[in-house]
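Scroll down for the structure; my scribbles are underneath it.
Computed from the coordinates by the stated procedures, all read-outs in this text should not be read as laboratory data. Because the structure is a prediction, the values reported are computed rather than measured. Cβ atoms come from the backbone with ideal geometry, glycine included; neighbour counts cover every protein chain shown.
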Amino acid sequence: EVRHSFNRSRESKPLLLSQATMPFVKQHSTAELLKQEQNKAKRRPDGALLEGVDAEEGDESGLVANGQGYDDPRQQAAMETMNNVPQTQRKLPPTDLVMVFPYKTDSRVKYGEAAAEEDYRGLHQPKEWEKEKMQQWQVTRNTTCHALSDSGLVMMLYYSRDRDEVFVRIAADPLHLRQVAEMTRYKLELKPQYLSAYAEYKNDYPGRRELNYSDRCVVSHLYLNHTDKQGHYPQRDAIFRPVDRIRLVDHIIRSNDHNCAGVDVGQLLHSSDILHYFPLHDQSALDEMDKSWFQTFVNAKNIDKVRDYFGERIALYFLFMSHLCKWLVLPSLAGVALCVVELFAQTPDNFTSFSLCIGLGIWSTLVIHFWRRKSNKYLLKWGTFALKPSPEPTRPEFYGVSRINPVTSRVDRFYPWSERIWKVLFSYSVIIVTLVVLFFEVAVLMLLRHEMAPNRIPFQIINALVVELANFLFTKLATWLTERENHRSYQEHSTHLLAKTVVFKFINCYSSLYYIAFFKANSTLFGQPMKCVDDDCLKDLGSQLAIFMIMRLTLQNMLELLGPWAIMQYRAFMEGIAFKTSIFSNPATSMPDLSRPEREAKREEYDVYQDMDEVLILYGYTVLFVVACPWVPLLALISLILECFLDQKKLVLLFQRPYPSTAMNNEPWDTCFDVISLIAMVTNGALIVFSSHTFDGWSHTGKILLFLAMEHAMILLRLLVSTIFPAIPWEVRLLAMQQQVIVHRHLNLGGEEDDHETRASAMMATPQPPPHVFDQDEEEDW
């Protein structure tokens, strides 16, 4: 009796998105929507029938609004053809993006038709400032939705569960995607017989009658069709992967080109006129990747699935993790064997330390070089090897004055360099002061270690906790400083943030280890003489390094996974409490479930920067002091596999679907890993020569000469390997040139003689204009 009373109330009144508030949306009651849902068909403004949404999303009250932005004769002909397609073959295009507008300042405020629809709700009248704010939101919402509708996008609008937000699910039909792809020269993959090259999309050109159609160009058969499931017949938009659809729809929304909406999403997010803007997850694709997570994210056997779903930037991250895991297998096996020797020798400073130093020095100098070779092969396969830089979308947090962009000739926001430079100077001044405080903190910790000499392990645990806390606090500080600098693009923001954090975190994470390795044995601190455990600094260094690794393996990963989960659960819980206590006066009223876009809107946004930063610190722990702790590579391998598992769980369960960013390389991270590798080569060489007892009988000059000889030999070896195996393999260069020739031959020149049969078959399947027959009178007139 409680639920049906609520339903009767809903059936008696129209939806909030009425024709008065949104003229482009028709007025429907719940009964009408249920009747339409039973018929499983909705009619567009152009008269074409569209199949209803799927069963999982059928309970979302909404309306499909399709714009009339088509003026191409080919599109009009295609629309007429679609009207003749049976209704059973008609369905809504998949939702690509979700835009969330604020509707009310609070779910307990009366506003719009909802106030008169359900009188038994516990709603109160809005204050004057709330009413003005909601009216302003309404104007912005109507203007934005009109622009989206006029651009030809397909939209579904509905309220959130507590009716304080308006969700807009945005998609585009295949014809519109093809038009925009041709207009933007979007590159798509060709079929394998064309070397799987990437070429700009072109529509078939029927040719001109006055030239007897000699300029006809049929290229639609060149592009590869992507099917979601094996054995399924490819659909009209099968040439577009999910990431292609998202990028093209995003271009339609943001761009001011023809048949585009020109919505400044970044400005609307900055002014809170839009609450969320994100791609919608595809649960079937997530389940498929989750079932084979090891082959997909760790072994990278199915890395193309990650690339097709999340984009090249995130795919490169997991590909790098896979490369690092595979390269750590051999050092892990060698480290386990050397640990057996260490058990008998009772110290890591034994006869195997020199060979371990040489081996890991060579390994650390080659691992990143061969990663660059591998990444270039995949980038060529993914079509981003020779990708030209393109303007990035403006960050929502960016602010400035309006001006005419000299590049795009469009109105955008501008922040002068003369104002940013002072903020940059202030940022680095704060960092210098922070580094001074950090050095003092490390010295105090070392003195505390001396005072707690009998309790070595508890101090090392405290030291590891302090290091992790300092990393967390400085990350917040560096993020705040970088936000003050007000960078326009995500790439600029990430680069400046990395420049601030890499120096601090290197000193914070590794300074205590360097002190133990090189200075502790023969130094005084605040007047107190320092000494190592059992006069063996390598043993002291190994135990501290093990504590650092175990702390990151346990505490860091636990916080990384539980943090986003707790935030998501807290948001859903608070909204549920507000819905139960303030919306309905009857506590027995059943609470409807959140729709899928609403659930994803409660999640955090994913940033691959944080994960790469964690892997960089872990890589430093692995290679910098491996001589003192040979089993660290094995622990690092376990940590990386666990990191891959947790990261894919975060992407699948806890975070919104990130925008699929393209990537030409993995910079600046490759450079950071390469620098850490070179520092590791120098550190391990200095550790074995100056800190171990292997060369105690040598003079100081002899040790220096030996150290320089080792370093120069490894550097020469790296140069030799780089010459024999260049970062861009010869087969990659050759294939790239062959692909350029293929694209030019088949798209620009129309193909060769051996392609006539394929082209003829494609032309037969393509609608051709009717031939024009001249009669005798027309010839005389002409």
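The listed peptides 701-714, 366-379, ordered by packing as a protection proxy, come out as 366-379, 701-714 (highest mean of other Cβ atoms within 10 Å first).
Segment F472..Q136, full-extension length gain: 117.1 nm, with 0.36 nm per residue of separation and the alpha-carbon distance subtracted.
Model label sites at E392 and D304, defined 7 Å from Cα along the beta-carbon direction, differ in position by 2.9 nm.
How would segment 616-707 be classified by its alpha-carbon gyration tensor: rounded, prolate or oblate, with rounded meaning a/c under 1.5 and the a/b versus b/c comparison settling the rest? Intermediate values should be presented prior to the final figure.
On the way: a/c = 6.33, a/b = 2.30, b/c = 2.75.
In terms of gyration-tensor shape, oblate.
Here L705 and Q610 are evaluated by their C-beta separation; at R0 = 51 Å the FRET efficiency comes out at 0.70. Summarising the label geometry, the points placed 7 Å from Cα in the beta-carbon direction at V336 and V741 lie 4.9 nm from one another.
Highest-first packing order for the peptide set 594-601, 479-486 is 594-601, 479-486, based on the mean count of other beta carbon atoms within 10 Å. Computed from the C-beta positions of L195 and I362, the FRET efficiency with R₀ = 25 Å rounds to 0.10. Pairs K202/K650; K301/K649; K202/K649: which exceed 30 Å Cα-Cα? From the list (K202/K650; K301/K649; K202/K649), the Cα-Cα distance tops 30 Å for K202/K650; K202/K649.
Taking a temperature of 10 °C and a viscosity of 1.306 mPa s, what whole-number D in µm²/s does Stokes-Einstein yield for segment 128-180 with Rh from Kirkwood over alpha carbon pairs? Display every interim value, and only then the final one.
On the way: Rh = 12.8 Å.
The Stokes-Einstein estimate is 124 µm²/s.
For L720 and L465, what is the calculated FRET efficiency with R₀ set at 35 Å and r taken between the beta-carbons, to the nearest 0.05? Walk me through the numbers before you get to the answer.
Values: r = 44 Å, r/R0 = 1.26.
Efficiency, rounded to the nearest 0.05: 0.20.
Net charge near L678: determine it from the other residues with C-beta under 11 Å of the C-beta of L678, scoring Lys and Arg +1 and Asp and Glu -1. Present the calculation step by step, with values, prior to reporting the outcome.
Values: positive: R718; negative: D674, E711.
Residues close to L678 contribute a combined charge of -1.
Extension gain, S220-W480: 0.36 nm per intervening residue step, less the Cα-Cα distance, totals 88.6 nm.
Using the Karplus relation 6.51 cos²θ - 1.76 cosθ + 1.60 with θ = phi - 60°, the per-residue 3J(HN,Hα) values for segment 601-614 come to 5, 7, 7, 7, 7, 8, 9, 5, 4, 5, 5, 5, 5, 5 Hz, with x marking Gly and Pro.
Suppose the chain between F519 and W293 were pulled fully straight at 0.36 nm per residue; how much longer would it get relative to their current alpha carbon spacing?
Taking 0.36 nm per residue and subtracting the Cα distance, the gain is 76.9 nm.
Simple spin-label estimate for V675 and T495 gives 1.4 nm between the two label positions (7 Å along the Cα-to-Cβ direction from each Cα).
The 3J(HN,Hα) values that the Karplus relation (6.51, -1.76, 1.60; θ = phi - 60°) gives for segment 501-516 are, in residue order, 7, 5, 5, 4, 5, 5, 5, 5, 7, 10, 5, 5, 5, 5, 5, 5 Hz. Gly and Pro appear as x. Each of M664, T683, P597 was placed along the dipole of segment 590-701 (beta-carbon charges, centred on the mean Cα), and the one lying farthest toward the positive end is P597.
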